[in-house]
Amino acid sequence: MKVLIVGNGGREHALAWKIRQSSRVKEIFVAPGNAGTALDAVNIDIASNDIAGLVAFAKQERIGLTVVGPEAPLALGLVDALEDEKLRVFGPSRAAAQLEASKAFCKNVLRQADVPTADFQVFRDPDDAMRYIKGKYPGENDRCPVVVKADGLASGKGVIVCKRRTDALDAIDRISRRKEFGIAGSQMVIEDRLDGQEASILAITDGRTILPLPAAQDHKPAFDGDTGPNTGGMGAYCPTPMVDDSMLAWIEEHVLVPTVHTMKRNRKPFKGVLYAGLMLTQAGPKVLEYNCRFGDPECQPLLMRLKSDLVEILEAVVDGNLDQIDNPEWDPRPAICVVMASQGYPGEYQTGQPILGISEADQMPDVKVFHAGTKLVEGTVVASGGRVLGVTALGDNISLAKLNAYTAVQKVRWQGSWCRKDISDKALQYIQEHEKA
Ligand code: AMP
Ligand code: GLY
């Protein structure tokens, strides 16, 4: 079978690397891919949001399975367009992808499904939104624990976590009057701020059966100690000790099952990856958001640990018989992915610097360097994006996986490269605190 993977990040390189290990697969294409996917597959020069171009290519090549990485083509209806041509595709329909593409849609589903989430209100008019904030927090210098979110897709940037009333009023102004996030800001969600550790629970579902994957933890702020601006994710590890088996079972019962059921009842059945971004609060896990695809970088440590054939799982979703396959087998060892980024990311950055040392790092045992923002220029791998590489490693425990990953990171260099130095430290701290208790 021929497989087409859509996207060009670390997630798509991990998918190509893993799918290549399947005996069911003869040929893999990645559109548009990066310098890493070129090693595991054939890159095709079609942009990931060129729906017509992707459908034409899939038809022409008789692609047996398309796997969609990013949210934008899902929200544009790539799955529907491929299915209209009787082509097999892994991912949610455009209607179901609203769960990620509209935060107001997501919150309404959560409310309808009675899934724990922060209290919220939806606004279109900035004056109404400001009146709401001023009514709830009358003192000009009041603490104001709210989060103001642009409704639509904004690459994770349209979420503003507020401390004071002025932060909230400014956030409303940025989203709704200055339109910093374009049409993504035509609606806003204002919700209560939650405190706790965050966890990513990814589940694969065919709309009836739900297969939760081991819990992961992302690191979204740019700098060590969770400081600095938000990014797409600076590193992730899996499994996280913060979500034990009984909590995962609770999340399945109280979060995933009612969500999938409600989507089905609303005639927008969800199939693909349902990714719950959770806050583990004192009052239990609460949903911050849903994504409708594999997380990036969470996908990298997850797939590094998956021993079973991924294609068998993806095909079971397409065929609607996820209940028929065996539970996937996982490497018991934890995996950690450290993102190496360009100088300046998540702000402006330069590209084109040659990258050295990737193959030395890649040759280390239990290490895999996944490419994200890279491209090949005259045979040399150069940086071409903000998040450039995802250096991923297994180890017998989290400390050893961390050591392995950062030893590999030290072998890689380019001008201006940097990474967070504390990926997975939250797990180590959590384990220490719980050993003491
Ligand atoms: P989202 O795209 O909705 O997941 O938001 C991005 C990030 O903003 C999350 O990973 C959290 O760090 C933060 N965030 C979102 N909603 C809340 C909330 N209600 N309380 C605290 N932090 C939040
Ligand atoms: N790691 C966050 C995301 O994929 O949205």
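Results, tabulated for the structure shown:
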{"quantity": "Whichever lysines have a C-alpha closer than 29 Å to that of Lys163, once near sequence neighbours (fewer than 8 apart) are set aside", "calculated": "Lys103, Lys107, Lys134, Lys136, Lys149, Lys179, Lys220, Lys286, Lys421, Lys426"}
{"quantity": "Relative contact order, percent, segment 71-215 [alpha-carbon distance under 8 Å, six or more residues apart]", "calculated": "21 percent"}
{"quantity": "Relative packing of 399-405, 66-72, which averages over residues the other C-beta atoms within 10 Å, highest first", "calculated": "66-72, 399-405"}
{"quantity": "Pairwise label distance in nanometres, His434 with Gln282, each label 7 Å out on the Cα-Cβ vector", "calculated": "2.0 nm"}
{"quantity": "For peptides 319-331, 200-212, sequence by mean Cβ density within 10 Å, most packed first", "calculated": "200-212, 319-331"}
{"quantity": "Per-residue [θ]222 nm for the chain (sum of -39500 (n - 2.57) over DSSP H runs n ≥ 4, rounded to 500)", "calculated": "-8500 deg cm²/dmol"}
{"quantity": "Positive-end extreme of charge dipole, segment 1-144 - chosen from Leu78, Leu4, Leu54 (charges on Cβ)", "calculated": "Leu4"}
{"quantity": "Heavy-atom accessible area order for Tyr132, Tyr349, Tyr290, largest first, 1.4 Å probe", "calculated": "Tyr349, Tyr132, Tyr290"}
{"quantity": "Cα shape, the chain, gyration tensor, a/c 1.5 rule", "calculated": "rounded"}
{"quantity": "Tensor-based shape of segment 262-348 (alpha-carbon gyration tensor, a/c under 1.5 rounded, otherwise prolate or oblate)", "calculated": "oblate"}
{"quantity": "Sequence of Lys179, Lys107 from largest to smallest accessible area, 1.4 Å probe", "calculated": "Lys179, Lys107"}
{"quantity": "Whether segment 180-297 is rounded, prolate or oblate, judged on the alpha carbon gyration tensor where a/c under 1.5 counts as rounded", "calculated": "oblate"}
{"quantity": "Whole-number percent relative contact order across the chain, with pairs defined as alpha carbons under 8 Å at least 6 apart", "calculated": "16 percent"}
{"quantity": "Net dipole in debye of the chain [+1 Lys, Arg Cβ; -1 Asp, Glu Cβ; about Cα centre; nearest 20]", "calculated": "760 debye"}
{"quantity": "Pair Arg178, Glu312: separation of 7 Å Cα→Cβ label points (nm)", "calculated": "5.3 nm"}
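The values are calculated or read from the model by the stated rules, or taken from the named source; none is laboratory data. Predicted model only: the values in this text are computed from it and were never measured. We place every Cβ from the backbone using ideal geometry, glycine too, and count neighbours over all the protein chains shown. Ligands, DNA and RNA are stripped out before the accessible areas are found, and what is left, the full protein with its side chains, is counted by its heavy atoms. Shrake-Rupley method; radii C 1.70, N 1.55, O 1.52, S 1.80 Å.
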